[in-house]
Amino acid sequence: MMAGRFVVSSASVTDLQRMAELARRLAGADGRVDAVALAGDAGVLAPEDGTLADTAGGLAGLADTLLVYEGAGEYLRGDMWAAALVDAVGRDGECVLVADAPAAREAVARTAVSCRASVASMCEDLQRAEGGGFVARRSIYGGVADGLIALVSTPAVCLFAAGKFEGAPSGESVPVEQRTLGAPAYEVTHVGDEPVVRTVDLAGASVVVSVGRGFVKREDLDLVDPLVSALGAELGCSRPIAEDFKWLPKERLVGLTGESVTAELYLALGISGQVQHLTGVKGARVVAAVNNDAKAPITRNADYVVVGDLYKVVPELVNALRSRS
Ligand SMILES: Cc1cc2nc3c(=O)[nH]c(=O)nc-3n(C[C@H](O)[C@H](O)[C@H](O)COP(=O)(O)OP(=O)(O)OC[C@H]3O[C@@H](n4cnc5c(N)ncnc54)[C@H](O)[C@@H]3O)c2cc1C
């Protein structure tokens, strides 16, 4: 296997470990993995969830050095992060791996431009390509296929989808090397934080009842209110309901362009179950559906299916739940 020098970075320790583990595998026994951390006025900015000692310990057996760039400012900025990555990759770095975070997206783009690098975003895996370069893999079409992207020029810069490190560090903490960042090339100013007022928590709800185009008119959604109350559920919907008909606000949209649920029970009423909708349902433990078409895609993706007219089934479900309580 070829040896190479890899640079890894992340806003969280577990993602940094994941990037370093992948880099270690690709760098080979003679290769090198340098992890990049940023520190500023408020302490460690990246990874933000651990001290430098935690991070150096967490990289044991995965990286060779932890490069700590001082002078990164008050908060994690893409321009300062990019300056650190460009310095770390230098002239001989082969590949930069960064885990996804808002500032990481900007940092990766800036790094790629500065280094005239090949770049791929939202990668899920990376392999060496025969004949040189790398091939990145990422999920496409809402998860029904993987796209393969060839990165031909050096360095290759890859932004990885956020994930979780499954392994365990082993051995000594990696040595820490301090470096100082110069003034940023671009001025970006953080002007403040505004709390988001959310009235709907689809991602955290334990039961989600979702409505789709099987409902003929807006008033018919009233049919679902007693079911939502009886189950203590949050109300979700498919895209036509939120975006085309605007019967419900977009914060209730489940799917690729909406929220992903982690519910114990997801109940889809009059939803066909197209892949873009199902993408948001993958995290549910039990999926149930009411649909009058036994061949609708949702019926192949649900644990329980009632094939029938929702206008009849929903009131029957409400009666059944009421008679139990
Ligand atoms: C880039 C992109 C992103 C997208 N993102 C999302 C997304 O995030 N979320 C999302 O939901 N969609 C998304 N879509 C749209 C998606 O492809 C589907 O068009 C949409 O999910 C369909 O919504 P639906 O199931 O409510 O409607 P339909 O597909 O029309 O299905 C309605 C279902 O109701 C059933 N039905 C009809 N009458 C009754 C009745 N009386 N009783 C019982 N069942 C009945 C029908 O059999 C049918 O299965 C996206 C599309 C694209 C291209």
query = How many residues are surrounded by 14 or more Cβ atoms within 10 Å (Cβ to Cβ), among the aromatic types (Phe, Trp, Tyr) and away from the ligand (no atom under 12 Å from the Cβ) when one looks only at segment 302-317?
reply = 0
task = Output the residues belonging to segment 198-215 that are in a loop (DSSP other than H, G, I, E, B) and more than 12 Å from the ligand (Cβ to nearest atom).
result = 198, 199, 200, 201, 203, 204, 205, 206
inquiry  = Can you find a residue that is of a type in the set (Gly, Ala, Ser), under 21 Å from the mean Cα position of the chain (by Cα) and either in the same structural domain as residue 47 (by TED's automatic domain parsing) or over 18 Å from residue 16 (Cβ atoms) (or both) anywhere in segment 125-132?
reply    = no
key: Count - residues of segment 266-303 that are hydroxyl-bearing (Ser, Thr, Tyr) and closer than 18 Å to residue 228 by Cβ   = 1
remark   = Output for Cβ contacts, cut-off 6 Å, separation at least six or different chains, first residue free of Cβ contacts under 8 Å to residues at least 60 places away in the same chain and more than 7 Å from the ligand (Cβ to nearest atom) in segment 288-301, second among the hydroxyl-bearing types (Ser, Thr, Tyr) and assigned to a strand (DSSP E or B), reads 288/304
key: Within segment 265-276, tally of residues that are touching a residue at least 60 places away in the same chain (Cβ under 8 Å) and surrounded by 24 or more Cβ atoms within 10 Å (Cβ to Cβ)   = 3
request  = Only one of these is of a type in the set (Lys, Arg) and in contact (Cβ under 8 Å) with a residue 60 or more places away in the chain: 137, 179. Name it.
outcome  = 179
query = For residue 184, all conditions in the list (1) at pLDDT 90 or above; (2) over 25 Å from the mean Cα position of the chain (by Cα) hold save one; what is the number of the exception?
reply = (1)
message = Here's a check for you: in segment 241-259, which residue that is near the ligand (Cβ under 9 Å from one of its atoms) and surrounded by 17 or more Cβ atoms within 10 Å (Cβ to Cβ) is farthest from the chain's Cα centre (by Cα)?
response = 241
task = May I ask you to list the residues in segment 63-86 that are within 12 Å of residue 40 (Cα to Cα), of a type outside the set (Ser, Thr, Tyr) and under 23 Å from the mean Cα position of the chain (by Cα)?
result = 76, 77, 80, 81
remark   = The one condition residue 223 fails out of (1) assigned by TED's automatic domain parsing to the domain that holds residue 317; (2) exposed (fewer than 14 other Cβ atoms within 10 Å of the Cβ); (3) not polar (S, T, N, Q) is (2)
Residue match in segment 222-234 (condition: under 30 Å from residue 107 (Cα atoms) and more than 8 Å from the ligand (Cβ to nearest atom)) = no
request  = Scan (1) more than 12 Å from the ligand (Cβ to nearest atom); (2) without any contact (Cβ under 8 Å) to a residue 60 or more places away in the chain; (3) more than 22 Å from the chain's Cα centre (by Cα) for the single condition residue 262 breaks and write down its number.
outcome  = (3)
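The values are calculated or read from the model by the stated rules, or taken from the named source; none is laboratory data. All figures in this text were calculated on a predicted structure; none of them were measured in a lab. Every residue, glycine as well, gets a Cβ built from its backbone with ideal geometry; the counts of neighbours run over all protein chains shown.
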